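Chemist: Sharing a structure here in structure tokens format.
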Protein chains: 2
Amino acid sequence: MDPRGYLVDGAALVDAGLDAALPAASAPPERLHAAMRHQVFPGGKRLRPGLAFAAAEAVGAAPEEALPLAVAVELVHTWSLVHDDLPCMDDDDERRGRPTVHVAFDEATAVLAGDALLALAFEVVLASEGNLARRVAAARELAHAAGAGALVGGQVSDLAFDPERADVALVESIHARKTAALIVAAIVGGATLGGATDQQTERLRAFGGRIGVAFQIADDLIDAGEGGCSLVTLVGEDAARARGEELLEQALADLAPLGSPADALRGLGLFALRRKE
Amino acid sequence: MDPRGYLVDGAALVDAGLDAALPAASAPPERLHAAMRHQVFPGGKRLRPGLAFAAAEAVGAAPEEALPLAVAVELVHTWSLVHDDLPCMDDDDERRGRPTVHVAFDEATAVLAGDALLALAFEVVLASEGNLARRVAAARELAHAAGAGALVGGQVSDLAFDPERADVALVESIHARKTAALIVAAIVGGATLGGATDQQTERLRAFGGRIGVAFQIADDLIDAGEGGCSLVTLVGEDAARARGEELLEQALADLAPLGSPADALRGLGLFALRRKE
């Protein structure tokens, strides 16, 4: 399995779903709709949707079963990027070589476009066809991942981060909430729509949590020396790399009982962690 | 039925639900949790939760059946207040005699606390007990009311409002999205958790839409002369009052087939529209 090809196929699928879910840029209020689409298209690697598709496969379902969750998780991811980029937070003017939403539009529109993306994510999952219990469980994963106990809480802790008073546990707790929680929601939510058993769900939850933290460590190794909340800054490159490898090994052990149907998920995990840029 | 007493009883019920749903202010990150609670407690009249309880009664259910939706709708309402108050939007320093969240905390915390309140609303409805299909339908009402097609879209149109180019249809379209949509979600969502039939739902949706616009007109009559997007500014006090009465009459006609179980809902509608402050 070629993880790059898998992501390209998944991106085509999720991009069509995103386009169908988002309000048309030509419908009023046009400015809001254009702002909602600005950070969604063109997208990045669509790693989270890819993980959702692969997680559905890992429990024996067709990847398409995970589509509503894949679309929703990308909307939630985009909401978090748009709000994190705001002047009152990371104050980033550019992302992926383009002006951020508050620069291309204005601050109020960026706050509101982010809000609308978050609300839309729940509409997409809840309005999808198929098993009601699965839809509710997948939407709950997403709501938890977005909220105070995960993504928002992680961002608050990250903004308050003081390297002088940090230890490994704090850094990993921020990574777990700010980065891993949405990766867990992609994987567990995708598998849930695919009909995962409770036992499979718990395996995938452990895998996602570990791979998510390792993913953030890999990111920090690429941007080494940028400071902020980073294991690389705290313990150095070699120790951070070793911790990432340890998490990867444990994550692969979590996944072992799922056998060969989980091959795409394994491949994506390795690809995400071993990439060089 | 005494609408004030009904709202007081409903406030006790929904406040207990809100307190149970919100993360403890003593748990980390304390600052986020305190900011989430800041605008929720002390609350206002808790009109939207009261409407949700009364709507459940109107379809023959116990008001308590609507509790998860009542809690969630108040969380969504609070999210919208916290974000609307931000410096990049209405830039309000005070609300109900207390500093707004971005003043009492800071702007980043206000954006994030609002986000977390919105995500929590979906967790509350989806995690509630009882019929799955009703939960999904109620959560969908809420997601639609919060999103680009309703509350957020209405706020964007309100921020872009130009009185020189306004007509009655535009003003009412903004009221319908920014104010009435969440009132509709409270009423239809509460009735949905109470097991409303499709026919009852459509009656209640029409009632909520009309009462919601009339409610905004009543608000503008109290704040007469403040300008902005207001029918009072556009057509004058008398014509605005007449339009409010017309909407109320139509709304009561929508509700007529529901008979005496809808008395509490009628009473709350009249109370909300005829209040003087």
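Chemist: Using θ = phi - 60° and the Karplus relation 6.51 cos²θ - 1.76 cosθ + 1.60, list the HN-Hα couplings for segment B:181-189 in order, rounded to whole Hz, with x at every Gly or Pro.
Modeler: 4, 6, 5, 4, 5, 4, 6, 5, x
Chemist: Sticking with this one: Averaged across B:159-172, how many Cβ atoms of other chains sit within 10 Å of each residue's Cβ atom?
Modeler: 1
Chemist: Which value at 222 nm does chain A reach when only helices count, each DSSP H run of 4 or more adding -39,500 (n - 2.57), with the total divided by all residues and rounded to the nearest 500 deg cm²/dmol?
Modeler: The per-residue figure over chain A is -22000 deg cm²/dmol.
Chemist: For segment B:160-167, take each phi angle, set θ = phi - 60°, evaluate the Karplus expression 6.51 cos²θ - 1.76 cosθ + 1.60, and give the result in whole Hz per residue in order, putting x for glycine and proline.
Modeler: Whole-Hz 3J(HN,Hα) from phi for segment B:160-167: 8, 4, 10, x, 5, 10, 8, 9.
Chemist: Note down the nm distance, to one decimal, between modelled labels 7 Å out along Cα→Cβ at B:Asp2 and at A:Glu237.
Modeler: In this crude label model, B:Asp2 to A:Glu237 measures out at 7.5 nm.
Chemist: Where the only charges are on Cβ atoms (+1 Lys, Arg; -1 Asp, Glu), what is the dipole of segment A:177-244 about its Cα centre, to the nearest 20 debye?
Modeler: That gives segment A:177-244 a dipole magnitude of about 280 debye.
Chemist: Using the C-alpha atoms of segment A:1-58, what convex hull volume per residue, in cubic angstrom, is computed?
Modeler: 75
Chemist: Then there's this: P(r) of segment B:197-277 in 10 Å steps, Cα pairs, percent per bin?
Modeler: 19, 47, 24, 9, 0
Chemist: Scan around B:Arg95 for amide H atoms under 5 Å from its own, H built in the peptide plane at 1.01 Å from N, and keep only partners 5 or more places away or cross-chain.
Modeler: B:Thr100
Chemist: Return the sequence-ordered ³J(HN,Hα) values of segment B:70-81 in whole Hz as given by the Karplus equation 6.51 cos²θ - 1.76 cosθ + 1.60 applied to θ = phi - 60°, using x for Gly and Pro.
Modeler: Taking θ as phi minus 60°, the curve returns 4, 5, 5, 5, 6, 5, 5, 4, 5, 3, 5, 5 Hz for segment B:70-81.
Chemist: For the ranges B:13-21, A:133-141, what's the packing order if you count other beta-carbon atoms within 10 Å of each residue, average per peptide, and put the highest first?
Modeler: The packing order, highest mean first, is A:133-141, B:13-21.
Chemist: Let me ask something else about it. Need one word for segment A:64-174: rounded, prolate or oblate. Basis is the Cα gyration tensor (sqrt eigenvalues a ≥ b ≥ c); a/c below 1.5 gives rounded, then a/b vs b/c decides.
Modeler: Taking the square roots of the gyration eigenvalues as a ≥ b ≥ c, segment A:64-174 is oblate.
Chemist: For B:Arg165, project a label point 7 Å along Cα to C-beta. Then give me every residue of segment B:127-153 with its amide nitrogen under 14 Å of that point.
Modeler: none
Chemist: I'd like to compare B:228-238, A:236-246, B:43-53: which one has the highest average count of other Cβ atoms within 10 Å, and what's the full order after that?
Modeler: The packing order, highest mean first, is B:43-53, B:228-238, A:236-246.
Chemist: Can I ask one more? Quick one: if the Förster radius is 25 Å, what FRET efficiency do B:Asp91 and A:Asp91 give, using the C-beta to C-beta distance and rounding to 0.05?
Modeler: 0.85
Chemist: Per Stokes-Einstein, at 37 °C and 0.692 mPa s, what whole-number D in µm² s⁻¹ belongs to chain B, with the Kirkwood radius over Cα pairs as the hydrodynamic radius?
Modeler: Answer from the Stokes-Einstein relation: 175 µm²/s.
Chemist: Per the Cauchy relation, a quarter of the hull surface: what is the mean projected area of the convex hull of the alpha carbons in segment B:129-176, in nm²?
Modeler: For segment B:129-176, averaging the hull's shadow over all directions gives 3.9 nm².
Chemist: Summarise the partner chain shielding of B:133-145 as one whole number: the mean count of Cβ atoms from other chains within 10 Å of each residue's Cβ.
Modeler: Mean shielding by partner chains, rounded to a whole number: 4.
Chemist: If you don't mind, another one. Based on the Cβ-Cβ distance of A:Ala224 and B:Asp19, what FRET efficiency does E = 1/(1 + (r/R0)^6) give at R0 = 51 Å, to the nearest 0.05?
Modeler: The computed FRET efficiency comes out at 0.70.
Chemist: So what's the projected area for segment A:136-277, the Cα convex hull averaged over all directions, in nm²?
Modeler: Mean orientational projected area (segment A:136-277, Cα hull): 8.3 nm².
Chemist: So what is Rg over Rh here for the protein assembly as shown, counting just Cα atoms and using Kirkwood for Rh?
Modeler: 0.99
Chemist: Size of the dipole of chain B about the Cα centre, Lys and Arg at +1 and Asp and Glu at -1 on the beta carbon, nothing else charged, in debye to 20?
Modeler: Dipole size: approximately 680 debye.
Chemist: Hey, another quick one. Would you mind giving the mean number of other chain beta-carbons within 10 Å of the Cβ of each residue in A:96-108, as a whole number?
Modeler: Averaged over the peptide's residues, the number is 2.
Bear in mind these aren't lab numbers, they're just calculated from the coordinates by the rules spelled out. Please read all numbers here as calculations on a predicted model, not as lab measurements. Cβ sites come from the backbone with ideal geometry, for glycine too, and all protein chains shown count toward neighbours.
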